[in-house]
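Rule-based calculations on the coordinates, nothing more; no lab input. What you are looking at is a predicted structure, and each value in this text was computed from that prediction instead of being measured. As a convention, Cβ positions derive from the backbone with ideal geometry for all residues, glycine included, and neighbour counts pool all protein chains shown.
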C-alpha cells in the first residue's frame, strides 16, 4: 500500500488532505509541520509521495522539495499552493516536482493527481 507524507504547517490543511488521501484508498505514512521536518521524515519513512506546502516556517516547501529530490531523484513531490503562486509552481515543476494542487482543495483534483502518482 502506497504511503503519502503530508508536509504543511497548517493543521487544518493536513487534516483535510489526510481525509482525501484515506478516502481515496491510500495510506498516510506521516505528517510534518515544516520543510526541515519534511526532509527528516522523508529520510525516515521513504514515502511513495510527498505533498509539500510551499509557504512554511523553518524551511519553505521549494527548498525542501529540492533537498528531497537531491536525496532521491525519483521522489514524487506534489506541491500544494495557494491561488496566486503560479510562478513559484512553474519553477517547482522545472526543478523536479511531480505536479501541484491548489488550496482550497478540490477532492476530485487531489484524487486525480494521487491516481497519476500512485496508480
key: Residue-averaged [θ]222 nm for the chain, counting only DSSP H segments that reach four residues, each worth -39500 (n - 2.57)   = -14500 deg cm²/dmol
inquiry  = How long are the semi-axes of the equivalent ellipsoid of the chain, defined as square roots of 5 times the Cα gyration tensor eigenvalues? Whole Å, largest first.
reply    = 18, 16, 14
remark   = Fewest-first ordering of 21, 90 by Cβ atoms within 10 Å yields 90, 21
request  = Work out, step by step, the length gained on full extension between residue 87 and residue 105: first 0.36 nm times the residue separation, then minus their alpha carbon distance; give nm to one decimal.
outcome  = 4.6 nm
key: Rel. contact order, % - alpha carbon contacts under 8 angstrom, at least six apart, the chain   = 24 percent
